[in-house]
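Comments concern the structure below.
Throughout, read-outs are computed from the coordinates displayed, never taken from laboratory work. As the structure is a computational prediction, the values presented were derived from the model and not from experiment. Positions of Cβ are backbone-derived with ideal geometry, glycine not excepted, and every protein chain shown enters the neighbour counts.
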Amino acid sequence: MKLLINALTKFVCGLLLVGLLIFLPAGTLHYTYGWLFIGLLFVPMLIAGFVMFFKTPDFLAKRLDAKEKQATQKGVVAFSGLMFIAGFVVAGLDFRFGWSAMPAWVVITASVLFLTAYALYAEVMRENAYLSRTIKVEQGQTVVDTGLYGIVRHPMYAVTILLFLMMPLVLGSWYALIAFAFYPAIIIVRLKDEENLLTRELPGYTEYKKKVKYRIIPFVW
């Protein structure tokens, strides 16, 4: 029951926060793309949360723990938070003042890619039981090298880049895309710091890096 209350509280707080950041700057609730984004983001999140609660409650508890202990990762989380705030506020202002003239087909395509990224994110969580929101090595943790982890070393980060870059397009804002464009740079900082930790503390990770050469983009990096 404590886990359920914690999960629902964070879900509702996240929903209210994102809603305020989008609709207050927009100056109205009649922001169709804003509601589209809310639905695409939070409905799958709610479904996934209930699935984890009933099937893998320990994994859900791990995903709810977002308290980073390392200074570098605390900085990454802070910059990510600022990016989201700026992006959502700009999207709302963009709608209010009509800065962007985004074709509907772009929003629809972005929505499809957003859901595709969500599905891939779920697959990554299914493959890696050690996946958490904080950078750490757990007792008994082993290297996962199957599925998407056999293609790139950090499929979760690859998926989140696609996911987050689609957000401003779903919201119909070219200007908000400027804020979200900083995300790949933020994730590279997080990724390099994480790899240093995994190389030091996770047995077999050095060999895994030799086997799977690319971090997030096959044949590129």
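Each principal axis of the Cα cloud of the range 107-207 was taken in turn, and the coordinate range along them, longest first, works out to 45, 24, 20 Å. Axis angle, to the nearest 10 degrees, between helix 183-201 and the longest C-alpha principal axis of the chain: 20 degrees.
Taking Cα centre as origin and charging only the Cβ of basic (Lys, Arg, +1) and acidic (Asp, Glu, -1) residues, the dipole magnitude of the range 176-221 rounds to 200 debye. Distance cut-off 23 Å, Cα to Cα: go down the list 2/74; 74/210; 2/192; 2/55 and report the pairs above it. In this structure, 2/74; 74/210; 2/192 exceed 23 Å between Cα atoms. Largest mean-square fluctuation among 25, 103, 155, in a Gaussian network model of the chain whose springs join Cα atoms under 10 Å apart, belongs to 103. For percent of Cα pairs over 23 Å apart, the value computed from the atomic coordinates appears in the list (1) 62; (2) 51; (3) 45 under label (2). Compute the long axis of helix 32-55 from its Cα atoms, compare it with the longest principal axis of the Cα atoms of the chain, and write down the angle in degrees, 0 to 90, nearest 10. Result, in degrees: 30.
Taking a spot 7 Å from the Cα of residue 28 along the direction of its beta carbon, which residues of the range 90-107 have an amide N less than 17 Å from it? Residues passing the 17 Å test: 91-102. Calculated [222 nm] ellipticity per residue, helices only, for the chain: -24000 deg cm²/dmol; basis is -39500 (n - 2.57) per DSSP H run with n ≥ 4, divided by all residues, nearest 500.
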